Structure formats: C-alpha cells, structure tokens
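In what follows, a structure is listed as structure tokens, so that the remarks can point back to it.
The values are calculated or read from the model by the stated rules, or taken from the named source; none is laboratory data. Model, not experiment: these values are computed from the prediction. Note that we place each Cβ from the backbone using ideal geometry, even for glycine, and neighbour counts take in every protein chain shown. For accessibility, only protein heavy atoms count, side chains too; no ligands or nucleic acids. Shrake-Rupley method; radii C 1.70, N 1.55, O 1.52, S 1.80 Å.
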Amino acid sequence: MSSFRSFVGRHPRIATSLAFGLAATALVYVSWIPGPMGRLEGYRLLLAAGFTHAFAGAISGPRVIYPSRQPKLLHAGLWGAGASLLALLLISFMLTIDIVRTGRETTHPFILVFLTFVFSFLGAGWAHMLLSAAIGCGLHAVAAQSPSTEGRSLSPD
C-alpha cells in the first residue's frame, strides 16, 4: 500500500487519469451489457467515456491529490465531480460532431451540444459524477497519508 501511496503522491496526473479512465470504462461496460455493447457504437461509447474521463482526470490531478492545494476531502470530491462533468461536455461535443458529420442534425449545433449534455447527464452522467467524486475523495485520502505530498503544491508531471 505504501508503494501505491508514493505513486499517487509522485504522479498525480497519471494516477487520476488511470483511476477516472478505468472506472468510467468499467461503468459504461457494466451498464451497457447485454444491449448494444456488441455493436461498433457501443465500443465507441466505451472508448470515448474512458478516454475523456482519463483526460479530465489528468487535468484535475494535482487539484484532487495534493493536500496543500485542497486541504479538505470535500473539495477533492468536488474536483472529481467537476472532472466528470468536463468529460461529459467533451463527449457531448464529440457526439454532436458525429451527428452533424453524418447529416442527421435538425437544429443548431450549439443547441444540440446542450441537449446532448443534459440528456447524457440524466441518462448516466450522474453515476459517472458520483463515481468520480468518490474516486477523488479516495485518491486524496490516500495521498494525504503519503510523505511525498507534504508541502507540495505543483505537479512534477
């Protein structure tokens, strides 16, 4: 466990990226079985959720992990939830680009992004947000016990 703590403390962007990306991928995989997961669209959604959550986790990594930046566990959970909302916004843009590219749009693209974001959140985005908040709290708690994060405010990676 101490090697995991030191890894999280030394590489916050990599740790949050892996944690958020793998958890989002697992959640999408579990929630889409046995439905359309066998089709190409299901796998595209699986990869999009994993990669966008990993990207958002990498952006928010130091804010979630370092106790000197976020002294309270609640703030780390809020940053985790915010990372999930950022990932959902990125997925909404990607889905809108796909819809516009195939010529199926019936409204303005910005309205389509907004509607995709809202209905994606209502569909499963809330579960991703809760999961990311829990992961943010967990990573923050693990890193708070690590001696490599004491007094750190900037990320080395």
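Candidates LEU95, LEU73, LEU131: the one that is aliphatic (A, V, I, L, M) and within 13 Å of the chain's Cα centre (by Cα) is LEU131. In this structure, is GLY123 part of a helix (DSSP H, G or I) and in contact with a Ser or Thr (Cβ under 6 Å, 6 or more places away or on another chain)? No; evaluated as a whole, the condition is false for this residue. Just so you know, in segment 7-23 the residues that are of a type in the set (A, V, I, L, M, F, W, C) and touching a Ser or Thr at 6+ places or on another chain (Cβ under 7 Å) include one that is nearest to PRO62 (Cα to Cα), and it is VAL8.
The set of residues from segment 1-24 being under 11 Å from ILE65 (Cβ atoms) and either open to solvent by less than 20 Å² (accessible area, probe 1.4 Å) or touching a Phe, Trp or Tyr at 6+ places or on another chain (Cβ under 6 Å) (or both) comprises VAL8, GLY9, PRO12, ALA15, THR16. Of everything in segment 133-155 that is in contact with a Lys or Arg (Cβ under 7 Å, 6 or more places away or on another chain) and assigned to a loop (DSSP other than H, G, I, E, B), the residue that is modelled with the highest pLDDT is GLN145. Filtered by the rule that a residue be closer than 18 Å to PHE117 by Cβ and either in contact (Cβ under 8 Å) with a residue 60 or more places away in the chain or open to solvent by 80 Å² or more (accessible area, probe 1.4 Å) (or both), segment 60-84 gives ALA83, SER84.
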